[in-house]
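A quick write-up on the structure given underneath.
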Amino acid sequence: LMKNIDAQWTRIENRHGGGIPDIYGIRDGVVIWLELKCIKQNSINLSPLQISWNYNNFRNGGKNYYIVRDARSKVIKLYDGDKGREIKEKGFTVPCIVEISPPYDWQGLGDQLFDENSILHNG
């Protein structure tokens, strides 16, 4: 993802908890946070701190997402940051905002992630 989407990326090495997402990205003044998950079955493992951080950031106008990749099918799904509790409970079956399969449309995914028109989610 970081190699394929043009942006300034910073991988967050958070060994102390707190729920801060895995990756910070900025492009053309638009800042995003990404929580990355890989699954082998339907369930998506999220901690209560991850759910809380993402939910609160999203509800305060931040741009943050869960990106979940199924290791078997290679399908990648993108969820808004307020969907943590739902995807933890219901897994990969929760409706997503974007679903891509190989060969991946990295340009399209990047455009969706950094869409400046969707900065205010609850506006």
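The values are calculated or read from the model by the stated rules, or taken from the named source; none is laboratory data. Note that this is a predicted model, so its numbers are computed, not measured. Heads up, the Cβs are rebuilt from the backbone with ideal geometry, glycines too, and the neighbour counts pull from every protein chain shown. The area values use the complete protein model at the heavy-atom level, side chains included, leaving out ligands, DNA and RNA. Shrake-Rupley method; radii C 1.70, N 1.55, O 1.52, S 1.80 Å.
Could you give every pair whose Cβ atoms fall below 7 Å, whose first residue belongs to the range 1-21 and is without any contact (Cβ under 8 Å) to a residue 24 or more places away in the chain, and whose second residue is surrounded by 11 or more Cβ atoms within 10 Å (Cβ to Cβ) and of a type in the set (Gly, Ala, Ser), counting only separations of at least 6 or pairs across chains?
Gln8/Gly25; Trp9/Gly25
Go through Gly29, Gly25 for me and flag whichever is under 22 Å from Phe114 (Cα atoms) and open to solvent by 30 Å² or more (accessible area, probe 1.4 Å).
So the residue among Gly29, Gly25 that is under 22 Å from Phe114 (Cα atoms) and open to solvent by 30 Å² or more (accessible area, probe 1.4 Å) is Gly29.
Results for (1) within 24 Å of Ala7 (Cα to Cα); (2) open to solvent by 20 Å² or more (accessible area, probe 1.4 Å); (3) part of a loop (DSSP other than H, G, I, E, B); (4) in contact with a Pro (Cβ under 6 Å, 6 or more places away or on another chain), shown as yes or no for each residue.
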site: Arg69; (1), (2), (3), (4): yes, yes, no, no
site: Lys74; (1), (2), (3), (4): yes, yes, yes, yes
site: Tyr79; (1), (2), (3), (4): yes, no, no, no
site: Lys90; (1), (2), (3), (4): no, yes, no, no
site: Tyr104; (1), (2), (3), (4): yes, yes, yes, no
site: Asp111; (1), (2), (3), (4): yes, yes, no, no
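Got a number for residues in the range 9-22 being in a loop (DSSP other than H, G, I, E, B) and either modelled with pLDDT of 95 or more or within 23 Å of Asp115 (Cβ to Cβ) (or both)?
4
Looking at the range 56-69 only, could you name the residues that are farther than 12 Å from Pro21 by Cβ and under 14 Å from the mean Cα position of the chain (by Cα)?
Val68, Arg69, listed by residue number.
Looking only at residues that are open to solvent by less than 10 Å² (accessible area, probe 1.4 Å) and either in contact with a Cys (Cβ under 6 Å, 6 or more places away or on another chain) or hydroxyl-bearing (Ser, Thr, Tyr) (or both) in the range 41-67, which one is farthest from Ile26 (Cα to Cα)?
Ranking the qualifying residues of the range 41-67, first place goes to Tyr66.
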